[in-house]
Structure formats: C-alpha cells, structure tokens
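Down below is the structure, laid out as structure tokens.
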C-alpha cells in the first residue's frame with residue numbers, strides 16, 4: 001500500500017510539473033520541464049555463476065569455486081536472464097535566475113530497485129539543482145561521485161559501466177566548479193546514500209556520518225573539444241564504532257585517500273580513454289579494498305584500523321557513429337596493508353587478488369533505436385587472505401558474458 005501511494009505521489013508530481021512547464025502567465029515563461037530517457041531490455045548469458053546485483057544484471061566478477069562433496073564446482077553452471085529494469089526517465093528543469101545565475105535542475109529515476117528484493121522498484125538516481133554564473137557553477141543535490149568522471153566513463157554496453165575498475169557511486173553533495181578558460185577547478189563535499197562503506201554493522205552511511213566530516217574532494221581538469229585531461233584526490237574519514245563490544249565509548253577513526261588521473265582524446269572517428277586509480281578504503285566506490293582491524297585493546301575493546309589499498313587501470317577505444325565498434329580493458333589489484341591484521345576486514349570482497357576484463361562490442365543506432373552486442377570476459381584471482389590483507393596463491397576463475405541490449409531513446 002505504501003509503495004502504491006509512493007507511485008501515485010510520484011506520478012502526480014510529474015503531472016504537476018509538466019502542467020507548470022506551460023506558461024500560464026507571461027512572468028512564468030522562464031520555468032519549464034522536459035522529459036527524456038529510454039526503454040531498454042537486456043538479454044545476457046553467462047558461462048558460470050557470478051557475483052552481481054539485481055538478478056545478475058549488474059555484473060561484478062565471476063563467483064569463486066564452490067565444491068560439493070564429490071569435488072564438483074557448483075558455480076560452474078551456465079545461466080541467463082532477460083530484464084527491462086534499466087528503463088529510465090529523466091526530467092530536465094529550467095527556471096528563472098538566482099542572484100544572476102542561470103538555474104536548472106534534474107530529476108532522474110529508473111526501475112532498477114534499491115535491493116535484491118526490490119527488482120522493478122522505482123528508485124532515485126539523480127536529484128540536483130545547478131546554478132551557473134559566467135565562470136562559476138554551484139551544484140547541490142545527488143549526482144555522480146566526483147571520482148566518477150561523467151565526461152569520460154566507458155561507453156560499454158553492460159550496465160556495470162566498467163566496475164570494478166573505476167570508481168562508481170552517486171551521492172548527495174555540494175560541488176563548486178571554477179572555470180579559468182579551458183581549466184576547471186572542482187571542489188566537493190559529499191555524503192553517502194545508496195553507495196556506502198562496510199563496517200561492524202554491515203554496509204551503512206553511519207560510519208561516514210559519525211566521523212563528523214563529509215567526504216572531501218578536489219580536482220583539476222583541462223577540457224576542450226577534443227581533449228579531456230585531469231587529476232583529483234578524495235579523502236574521507238570513517239568512524240566504524242561509537243561503542244566497543246565491551247560497552248565502552250570509542251572515537252577511533254580511519255582516514256582514506258583515493259587519487260585519480262585520466263585522459264580522453266577525440267580524433268574523429270576514434271575516441272580513446274585512459275584512467276588510473278589508487279584507492280584507500282574504496283568499498284563505497286564499488287572497488288577492491290576497504291579497511292581492517294590492526295589492534296584491539298583487551299581491556300576496553302577499542303580497535304585501531306588500517307586501510308586495505310588497491311590500484312586500478314582501464315582503457316577504452318571506439319570508433320564510428322551509427323555503426324560503432326569498441327574495446328574496453330581493465331585490471332585491478334588488491335595491495336593489502338602495511339600493517340598486520342588481527343580482526344575482521346571490512347571490504348566488498350577480501351579474497352580476490354586481482355580482476356581483469358576484456359570486452360569488445362558492436363552497436364548499431366538508427367533514429368531512436370539501438371541494438372548492441374558485447375562479449376565480456378572477466379577473470380578473478382581468488383586466493384587466501386594473509387596477515388597483511390593481501391591474497392596469496394590466487395587461482396583464476398573466468399566468466400564470459402554475452403550481452404544483447406535494445407534501447408529506444410525518447
């Protein structure tokens with residue numbers, strides 16, 4: 001009943017905004033909203049079981065071996081699915097100026113759901129207002145994490161958008177961009193919502209919130225018609241516990257620094273992209289790594305923490321317009337920690353040493369319709385966690401996904 005009321009409220013809001021977009025009086029003519037989006041269906045076929053989200057739709061990596069009593073790998077089993085949950089609706093809003101700034105807003109949602117039990121559920125992706133002056137802009141609301149470079153993310157067919165080889169998250173934030181010709185200085189303070197860190201109570205935004213400080217980000221970017229070049233740093237502090245298992249108040253925190261550098265070149269008809277990432281505690285970014293307990297006070301139960309680090313590199317090249325051919329490649333590695341681990345590691349996955357992916361694709365676009373075919377080979381090196389959070393004796397587990405997607409844009 002509550003979900004039905006939510007849908008009714010959402011539809012009523014859209015209708016109201018649409019009505020308001022038509023000028024009723026002359027002084028309201030600056031306000032309006034336009035809708036766009038797409039209807040999409042994905043058919044995918046995997047050669048083994050995978051670690052993924054939403055019934056396999058958002059593929060991360062192949063599942064590790066799971067041996068039965070006869071020594072047979074239970075996860076060496078083909079599977080497929082056919083889903084339309086990526087279908088999306090976006091509302092672009094314009095309005096009158098604010099203190100001399102042009103204003104705009106965006107609301108975007110899709111039917112991807114918020115959990116495995118909510119497949120087909122309507123969920124919020126973006127909701128922000130942007131104010132733009134001559135050389136300064138201020139964005140307030142939920143949108144891509146600043147480490148996800150929206151101008152150069154991989155143009156792959158898969159909904160995973162290249163994860164786990166690049167930072168992927170949306171978050172509530174305040175973003176200030178200062179333009180100096182072709183150079184942009186970007187500063188962001190951000191929180192967590194749908195993409196959160198792991199900790200003693202599972203995945204939650206409470207660890208960042210309890211630290212008392214938002215995620216802090218700074219980026220320097222050069223942008224022209226044919227070249228995008230930049231680098232950035234991101235720092236966040238987590239407080240995993242406010243009270244120990246022995247009921248003693250604690251304020252121990254763990255800070256993590258993530259850095260990126262990226263390059264995109266357009267030389268028609270070819271586009272080339274390259275990005276490198278060094279991550280500390282990058283669990284909330286859908287990457288390898290996290291943090292772990294390195295010391296425990298036996299009297300109070302107070303814990304000290306250490307970062308589990310990782311690095312990643314990915315590249316992409318594609319050419320063509322209506323008929324487009326592309327190739328994506330990525331590699332990421334778990335670097336562990338410089339400290340000994342004496343307690344639980346808080347990660348997305350702790351027993352993978354490295355992941356590699358190669359994904360060629362072809363897509364045909366005519367008018368508003370696109371057919372796309374992609375082969376995605378992903379290999380994950382599963383092993384045993386050592387005392388430093390590194391993985392030893394990895395064994396490669398492989399999966400090949402064949403993906404056919406049909407989009408109708410409006």
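No lab work stands behind these numbers, since they all come straight from the coordinates. Treat the numbers as computed from the prediction; the structure is a model and nothing was measured. Every residue, glycine as well, gets a Cβ built from its backbone with ideal geometry; the counts of neighbours run over all protein chains shown.
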**Request:** Set the Förster radius R0 to 22 Å, insert the Cβ-Cβ distance between residue 81 and residue 203 as r into 1/(1 + (r/R0)^6), and round the FRET efficiency to 0.05.
**Result:** 0.40
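Kindly rank 57-66, 387-396 from highest to lowest mean number of other beta carbons found within 10 Å of each residue.
For the peptides 57-66, 387-396, the packing ranking is 57-66, 387-396.
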**Request:** Grab the Cα-Cα distance for residue 340 and residue 223, subtract it from 0.36 nm times how many residues apart they are, and report the gain in nm with one decimal.
**Result:** 37.8 nm
**Asked** Label points 7 Å out from Cα along the Cβ direction at residue 325 and residue 135: separation in nm?
**Response** 4.5 nm
**Message:** If you average the C-alpha positions of the stretch 107-127 and of the stretch 335-393 separately, how far apart do those two centres end up, in angstrom?
**Reply:** 24 Å
**Request:** Kindly give Rg over Rh for the stretch 261-349, based on alpha-carbon atoms, with the Kirkwood expression for the hydrodynamic radius.
**Result:** 1.25
**Prompt:** So what's the angle, to the nearest 10 degrees on a 0 to 90 scale, between helix 2-20 and the longest Cα principal axis of the chain?
**Reply:** 30 degrees
**Message:** Suppose the chain between residue 102 and residue 124 were pulled fully straight at 0.36 nm per residue; how much longer would it get relative to their current alpha carbon spacing?
**Reply:** 5.5 nm
**Inter-label distance for residue 90 and residue 410, nm, one decimal - labels placed 7 Å from Cα along Cα-to-Cβ** = 1.6 nm
**Prompt:** On full extension of the chain, what length is gained from residue 36 through residue 365, given 0.36 nm per residue of separation minus the C-alpha to C-alpha distance?
**Reply:** 116.7 nm
**Request:** Just rank 144, 314, fewest to most, by other beta-carbon atoms within 10 angstrom.
**Result:** 144, 314
**Message:** In 5 Å bins starting at zero, report the fraction of Cα pairs in the stretch 234-285 per bin as a rounded %.
**Reply:** 5, 15, 17, 12, 13, 10, 9, 6, 5, 4, 3, 2, 1
**Fill in**
If one builds a Gaussian network model of the chain from Cα atoms under 10 Å apart, the most fluctuating residue listed among 354, 120, 334 is 120
**Prompt:** Between residue 300 and residue 150, how many nm apart are label points set 7 Å from Cα along the C-beta direction?
**Reply:** 4.4 nm
**Asked** Please state the Cα pair-distance histogram of the chain with 10 angstrom bins from zero: what percent is in each bin?
**Response** 4, 19, 29, 28, 15, 5, 1, 0
